[in-house]
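**Student:** One structure, as structure tokens, below. Some questions next.
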Amino acid sequence: MSDLVPVRTPLYLVDASLYVFRAWHSMPDEFQDQQGWPTNAVHGFARFLLDLLERERPQHIAIAFDEALDSCFRHGLYAAYKANRDPAPEALRRQFAHCKALCSALGLAVLAHHEYEADDLIGSALHARRPAGMRGVIVSADKDLSQLLFEHDEQWDYARNQRWGMAGVKARHGVHAHQIADYLALCGDAVDNIPGVTGVGAKSAAVLLAHFGSLDILYERLDEVPFLRLRGAAQMAVRLREQREHALLWRQLTTIALDAPLDATQADFSRASADAQMLQGLCDALRFGPLTRRRLFAAAGLSDHSSPASEFA
């Protein structure tokens, strides 16, 4: 018998919203489509996506978008979930639709659902493909997604070009990958408007999980908390006891779902044939310049027969 370990096929899972928002805030607003709407976010996202495709040449890739901005199942559990965020303006919503269409035109699998967030879709896709010998390459800086990492997976903060695997999560966040949801339940997540347990900060949460291992065991052995070498441990035990139901609710919010509905036609998320007509139409409507057009058609494995007249690359 051979001792060689089979090489796992990488499945690239892109947290698109992060890169669309980043482009929206960083790209100049000089880009407009044929109707005069801004397209700065689409231009920035296209550049990121092209760079990724040219650099990695992924054979299996899925691009996950957030469509559950106010209809996610988590809102049913906690009405104030993400209530600290302003709704996306119409100009940005239009650009999200263009970004999705661009991915589809390139033959990339697009993940979006009105009840599940991008994190859930990424987690469900990875969970579905692991038994087939795939490993995840999660393209996102979001710490929530670190809970998905198993032995062969990695997370990639593309903007900073930093990659880490399951073993690297503790160095970044002070807890193991499988403890991330419990960690965020304890100390809260201001980005998603999750309060956490009063008086439990990031360091305290890490100490509690290092000692008990999980939120469930922490509550089974809550009487031990006052004796830990932790500032304010006695009061912390009182707060933990008082807010037990809240802590368990916060964990429901911070745990990524692995059972979100996926399009069966996408199967293993292999790159499909590009749609030349759709891609050409998008390039015209969004007024992409010659350089971007050439890169898009090259990434799609197509020939660009157009000769666009535009000042923007």
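The values are calculated or read from the model by the stated rules, or taken from the named source; none is laboratory data. For clarity, every value in this text was computed on a predicted model and none was experimentally measured. So basically every Cβ, Gly included, is an ideal-geometry build from the backbone, and we count neighbours across all protein chains shown.
**Student:** What helices (runs of 4 or more DSSP H) lie completely within the range 19-128 and have 1 or more residues being of a type in the set (Ser, Thr, Tyr) and closer than 29 Å to Arg294 by Cβ?
**Tutor:** So the answer is 90-105.
**Student:** Limited to the range 177-204, what total is found for residues that are assigned to a helix (DSSP H, G or I) and farther than 17 Å from Glu242 by Cβ?
**Tutor:** Within the range 177-204, residues that are assigned to a helix (DSSP H, G or I) and farther than 17 Å from Glu242 by Cβ number 13.
**Student:** Considering (1) in contact (Cβ under 8 Å) with a residue 12 or more places away in the chain; (2) more than 28 Å from His75 (Cβ to Cβ); (3) assigned to a strand (DSSP E or B), say which one Ile138 fails and leave the rest.
**Tutor:** (2)
**Student:** Still on this structure, I have one more. Within the range 101-110, can one find any residue that is under 15 Å from Asp66 (Cβ atoms) and either under 12 Å from the mean Cα position of the chain (by Cα) or touching a residue at least 12 places away in the same chain (Cβ under 8 Å) (or both)?
**Tutor:** Looking through the range 101-110, at least one residue is under 15 Å from Asp66 (Cβ atoms) and either under 12 Å from the mean Cα position of the chain (by Cα) or touching a residue at least 12 places away in the same chain (Cβ under 8 Å) (or both).
**Student:** Let me ask something else. Might you check whether a residue that is surrounded by fewer than 16 Cβ atoms within 10 Å (Cβ to Cβ), in contact (Cβ under 8 Å) with a residue 60 or more places away in the chain and under 24 Å from Phe269 (Cβ atoms) occurs anywhere in the range 28-45?
**Tutor:** No - not one qualifying residue is present in the range 28-45.
**Student:** Same structure, new question: In the list Gly199, Gly232, Gly188, which residue meets the criterion of being touching a Pro at 6+ places or on another chain (Cβ under 6 Å) and either crowded, with 16+ Cβ neighbours inside 10 Å or more than 19 Å from Ala177 (Cβ to Cβ) (or both)?
**Tutor:** Gly188
**Student:** Further question: Among Leu111, Leu77, which is the only one that is modelled with pLDDT of 95 or more and either aromatic (Phe, Trp, Tyr) or surrounded by 21 or more Cβ atoms within 10 Å (Cβ to Cβ) (or both)?
**Tutor:** Residue meeting the stated conditions: Leu111.
**Student:** Within the range 10-17, is there a residue that is touching a Ser or Thr at 6+ places or on another chain (Cβ under 7 Å), among the charged types (D, E, K, R) and either at pLDDT 95 or above or assigned to a helix (DSSP H, G or I) (or both)?
**Tutor:** yes
**Student:** Go through the range 216-274 and count every residue that is part of a loop (DSSP other than H, G, I, E, B), of a type in the set (Asp, Glu) and either touching a strand residue (DSSP E or B) at 6+ places or on another chain (Cβ under 9 Å) or more than 28 Å from Tyr78 (Cβ to Cβ) (or both).
**Tutor:** 2
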